[in-house]
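The values are calculated or read from the model by the stated rules, or taken from the named source; none is laboratory data. Being a predicted model, the structure only gives us computed values, none of them experimental. Heads up, the Cβs are rebuilt from the backbone with ideal geometry, glycines too, and the neighbour counts pull from every protein chain shown.
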């Protein structure tokens, strides 16, 4: 469920992140300072402080900031969001909401509460991830009028997202398809069918997207070396990580990071 968690100070005014498509749902909050998204071919957005954005999977965007000033940001990537949020964000392209001081503080508390569960596996991880997702979803939806909920194909979608969440939480163990299928109580062949039905792609391709997105997040949000990222994201070696990353993005991890973060 929770695929990536990051926070810290950024100088997007000096080192903007050029736009690229994320694989997961991305909640991006700014607590202090000012930032704005960069969208391909779109007009410039006003810089925002104490603000929360939500972007659906496949949305291409980057970030810019306020000159040399630091901005404190918090980033959450989830494999799925609740149906009302999914419907609105996909229809509008993304969501954007101003935060009060108390709500910005709540965002900090959500991130701080998730740290220990994100970095180690415990029996209650999923409960904390679900609670954080619900809290973030309610923040994103706070200005939306209450509407009748649309129907959702629960069975297939829930199984697929459960498999992706299970896989995402165990990237460092390099799990395989058979293990993921057992974890969600279906056969391997049935899980393949569900992935094709829900996502129009094989589970292997979806799992690779999860690994590459986690690596992208670590490249932009951390100072880990390539070997460490390869291990933490479930690649058999640094060479294998670089090969798969280049096949997916057209660039080596080092070149991709330099293109987005600058010197």
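List of remarks:
- Check on residue 234, under 20 Å from residue 74 (Cα atoms) and either touching a residue at least 60 places away in the same chain (Cβ under 8 Å) or not in a helix (DSSP H, G or I) (or both): no
- Verdict on residue 29 being crowded, with 20+ Cβ neighbours inside 10 Å and farther than 19 Å from residue 59 by Cα: no
- In this structure, residue 67 does not satisfy being in the same structural domain as residue 14 (by TED's automatic domain parsing), modelled with pLDDT of 90 or more and in contact with a helix residue (DSSP H, G or I) (Cβ under 8 Å, 6 or more places away or on another chain).
- Qualifying position, being modelled with pLDDT of 90 or more and in contact with a strand residue (DSSP E or B) (Cβ under 7 Å, 6 or more places away or on another chain), among 76, 80: 76
- Hey, residue 220 assigned to a helix (DSSP H, G or I), at pLDDT 90 or above and under 17 Å from the mean Cα position of the chain (by Cα) or not: no
- Within the set 51, 59, 119, the sole residue that is crowded, with 16+ Cβ neighbours inside 10 Å and free of Cβ contacts under 8 Å to residues at least 40 places away in the same chain turns out to be 59.
- The residue of the stretch 151-179 that is nearest to the chain's Cα centre (by Cα), among those that are free of Cβ contacts under 8 Å to residues at least 24 places away in the same chain and more than 18 Å from residue 214 (Cα to Cα), is 158.
- Residues in the stretch 23-64 that are assigned to a strand (DSSP E or B) and farther than 26 Å from residue 82 by Cα: 3 in all.
- Within the set 191, 177, 219, the sole residue that is crowded, with 16+ Cβ neighbours inside 10 Å, touching a helix residue (DSSP H, G or I) at 6+ places or on another chain (Cβ under 6 Å) and closer than 22 Å to residue 256 by Cβ turns out to be 219.
- Restricting the stretch 163-174 to residues that are surrounded by fewer than 17 Cβ atoms within 10 Å (Cβ to Cβ) and part of a helix (DSSP H, G or I), the residue that is modelled with the highest pLDDT: 173
- Taking the stretch 131-161 as the range and being closer than 12 Å to residue 3 by Cα and either touching a strand residue (DSSP E or B) at 6+ places or on another chain (Cβ under 7 Å) or at pLDDT 85 or above (or both) as the test, only 133 passes.
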